[in-house]
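The structure under discussion appears below in the form of structure tokens.
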Amino acid sequence: MLKTELVAKNPLRVFDQSREGGLAPGQTGLIAARAGTGKTAMLIQISLDNLFRQNAVLHISIGETVSHVQAWYDEIFRDLALGYDLEMARNVWEDAIKDRLILTFRANVFTVPTLKERMGDLVAQNIFTPKVILIDGIDLHKQSREMLENLRDFIRESGLKAWVATRTHREDGELVELISPLSDLFDVIIGIEPSTDALKLTAFKNPGHEGESVAVTLDPKTLLLVSK
């Protein structure tokens with residue numbers, strides 16, 4: 001399969017809201033799931049989908065190392081290339097990662113002003129200018145609503161697209177109970193929950209399709225997105 005075919009057939013197309021796919025500029029999406037149920041894997045597949053379309057991606061990891069994130073990318077791309085029999089996979093990989101930059105923050109250091117400052121330095125020096133930001137590791141238990149509002153406002157003002165992955169906790173109750181108070185802060189909200197033989201995705205907010213079980217799951221072995 002060619003890269004262009006892979007992009008066209010990517011299960012993520014079910015979330016398309018614009019001709020470029022995925023979020024529109026200035027919008028923010030949320031992926032919520034308990035630990036070990038695929039939120040990082042889904043975030044990286046969103047990243048790769050953007051990288052295949054030459055959209056520069058800034059991947060921000062809170063509480064993990066650069067090598068840890070790189071290992072995730074290596075594994076997901078390898079399984080993706082094998083699963084889709086991707087032609088010229090090595091060239092596709094090398095072309096993709098030149099448009100990716102990974103930044104890490106300690107959990108007690110990450111703030112929106114700090115993110116803006118570090119990103120501003122990269123842009124001002126022509127080191128890296130992202131079109132998409134991915135933030136993995138925000139803990140909604142420890143972050144204030146004000147921080148999430150600041151993040152939403154920053155993304156709107158910058159015209160970037162942003163996806164945020166957050167881990168939920170058993171004491172949060174049902175996903176919908178956690179997500180409902182946040183619905184005004186995000187343009188798309190996806191929940192991942194284990195089911196009998198797959199990891200089920202639910203679009204809690206996806207314009208025109210709220211509350212629907214989307215026609216995509218995560219394979220529990222490879223954590224790749226699969227169309228039903």
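Overview of values
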quantity	calculated
Inter-site label distance for D16 and I127 at 7 Å from Cα along Cβ, in nm	3.6
Under-5 Å amide H pairs with E64, H placed in peptide plane, nonlocal only	F105
Under 5 Å, built H, 5+ apart or other chain: amide partners of I189	L30, F204, K205, N206
Rg(Cα) / (2.2 N^0.38 Å) computed for the chain, rounded to two decimals	0.96
Percent of C-alpha pairs per 5 Å bin, region 70-141, short to long	3, 11, 20, 19, 16, 14, 10, 6, 1
222 nm mean residue ellipticity, helices alone, for the chain (DSSP H n ≥ 4; -39,500 (n - 2.57); rounded to 500)	-10500 deg cm²/dmol
Computed lengthening from D197 to N91, 0.36 nm per intervening residue step minus Cα-Cα distance	34.7 nm
Dimensions (Å) - region 68-194, Cα atoms, principal axes, largest first	45, 42, 25
Rounded accessible area per residue of the chain, 1.4 Å, Å²	48
Accessible heavy-atom area order of M1, M147, highest first, probe of 1.4 Å	M1, M147
Pairwise centroid distance, computed over Cα atoms, of region 14-87 with region 151-207, Å	15
K98, K221, K200, ranked by accessible area, largest first (probe 1.4 Å)	K221, K98, K200
Gain upon complete extension [K98, H68; 0.36 nm per residue less C-alpha separation]	9.0 nm
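The values are calculated or read from the model by the stated rules, or taken from the named source; none is laboratory data. Keep in mind that this is a model prediction, so the values were computed, not measured. Virtual Cβ from ideal backbone geometry, glycine too; neighbours counted across all protein chains shown. Just so you know, the surface numbers come from the protein's heavy atoms only, side chains and all, with ligands and any DNA or RNA stripped out. Shrake-Rupley method; radii C 1.70, N 1.55, O 1.52, S 1.80 Å.
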